[in-house]
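Asks: Have a look at the structure that comes next, please.
The values are calculated or read from the model by the stated rules, or taken from the named source; none is laboratory data. This one's a predicted model, so the numbers in the text were calculated from it and none came from an experiment. Every residue, glycine among them, receives a Cβ derived from its backbone with ideal geometry; neighbour counts consider all protein chains shown.
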Amino acid sequence: MRISWLPTVAGLAVVGTVIRVVSFTPLEAKQGAAQKIYYIHVPAAWVAFLAFGLVAIASGVFLWVRDQRLDRFAESSAEVGVMFTTVVLITGPLWAKPIWGTYWTWWDVRLVSTLFLWFIYVSYIVLRGAVESPELRARYSAVLGILGALLIPFIHLSVYLFATMHPTPIIGKPDRPSLPNEMLLTFFVSFVSFTLLYVAFVRSRYRYAVERDTIMEAAKQHA
Amino acid sequence: MPETSSYYHVAYTVALGIYAAYAVSLYVRRKRLRVR
């Protein structure tokens, strides 16, 4: 059996990250163990934004040059992005419950707009399944892929624009990160591991799309 | 410090479970295509 190096490295990186989180990262004084959800929640949100941002870029270029490879990439990245957003939407409430006292609040703009983002890209996947013509499917989904990504800057800025329970970023802000070095290192290890996992998933999903399209094309020619 | 470890355990179990399930689904879908 041939072992593919990228999924293996990504898998080992994720296992290494979990070991570091569990055994080598200190507990936060106020939140206790629940704060460790940070190392899985925030990288998943970053990867979801990256995935949908790349869907929008690939879709925009596809509408211009009409290259099927871009459509396949957008399709793959959208599916992986939905999976990571699902993780965000599950781990967020599990962190919120012990800290805020509730799993979810419907008036919180950050939470609800992230749920909308999930719905948009689930719709993207449903749309792809519903349109039979490959040309129309690629065009319609490219438009939805671009429009959906417009929510990303809004979601990012929502914690500054509205009164939300969701905290503002403690990393990626103008001044220094508000995390001790040990926690910061764990965050970066996690950030790199889950980005690598995204690349491995998209590559595998893209290869599936290529094989599927090749089979469909061959079946068409035989018919 | 509050006792919040059960939420942390559930969050990691569910998240890693979703990643593993997606990896398996990709493997199965590609395997099925090749059987065709």
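Asks: Can you find even one residue in the stretch A:25-32 that is within 30 Å of A:Gly145 (Cβ to Cβ) and either surrounded by fewer than 22 Cβ atoms within 10 Å (Cβ to Cβ) or at pLDDT 95 or above (or both)?
Replies: No, that holds for no residue.
Asks: What number of residues within the stretch A:194-211 satisfy the criterion of being facing chain B (nearest Cβ under 7 Å) and among the aliphatic types (A, V, I, L, M)?
Replies: Number of matching residues: 1.
Asks: Report yes if some residue within the stretch A:167-188 is within 16 Å of the chain's Cα centre (by Cα) and surrounded by fewer than 15 Cβ atoms within 10 Å (Cβ to Cβ); otherwise report no. Spell out how you get there, then give the answer.
Replies: As a first pass, look at the stretch A:167-188 and keep what is within 16 Å of the chain's Cα centre (by Cα): none.
Looking for residues that are within 16 Å of the chain's Cα centre (by Cα) and surrounded by fewer than 15 Cβ atoms within 10 Å (Cβ to Cβ), one finds none in the stretch A:167-188, hence no.
Asks: Out of the residues in the stretch B:1-15 meeting the condition of being assigned to a helix (DSSP H, G or I) and at the interface with chain A (Cβ under 7 Å from one of its Cβ atoms), tell me which one is surrounded by the most Cβ atoms within 10 Å (Cβ to Cβ).
Replies: Going through the stretch B:1-15, the residues assigned to a helix (DSSP H, G or I) turn out to be B:5-15.
Applying the additional criterion that residues be at the interface with chain A (Cβ under 7 Å from one of its Cβ atoms) yields B:5, B:7-8, B:10-12, B:14-15.
Details: B:Ser5: 14, B:Tyr7: 24, B:Tyr8: 26, B:Val10: 15, B:Ala11: 23, B:Tyr12: 19, B:Val14: 16, B:Ala15: 24.
Applying the filter and picking the extreme gives B:Tyr8.
Asks: Show the residue pairs that are 6+ apart or on different chains and have beta-carbon atoms under 7 Å apart, the first residue being within the stretch A:8-25 and away from every other protein chain (no Cβ under 13 Å) and closer than 25 Å to A:Val202 by Cα, the second being at pLDDT below 95 and surrounded by fewer than 19 Cβ atoms within 10 Å (Cβ to Cβ).
Replies: Once the first residue is away from every other protein chain (no Cβ under 13 Å) and closer than 25 Å to A:Val202 by Cα and sits in the stretch A:8-25, no partner that is at pLDDT below 95 and surrounded by fewer than 19 Cβ atoms within 10 Å (Cβ to Cβ) comes close enough.
Asks: Okay, next question. Is it fair to say A:Thr214 is free of Cβ contacts under 8 Å to residues at least 24 places away in the same chain and within 14 Å of chain B (Cβ to nearest Cβ)? I'd like the intermediate steps shown before the answer.
Replies: On the way: free of Cβ contacts under 8 Å to residues at least 24 places away in the same chain: yes; within 14 Å of chain B (Cβ to nearest Cβ): yes.
For A:Thr214, the condition - free of Cβ contacts under 8 Å to residues at least 24 places away in the same chain and within 14 Å of chain B (Cβ to nearest Cβ) - is met.
Asks: Hey, among the residues in the stretch A:117-150 that are touching a Ser or Thr at 6+ places or on another chain (Cβ under 6 Å) and without any contact (Cβ under 8 Å) to a residue 40 or more places away in the chain, which one's surrounded by the fewest Cβ atoms within 10 Å (Cβ to Cβ)?
Replies: A:Leu127
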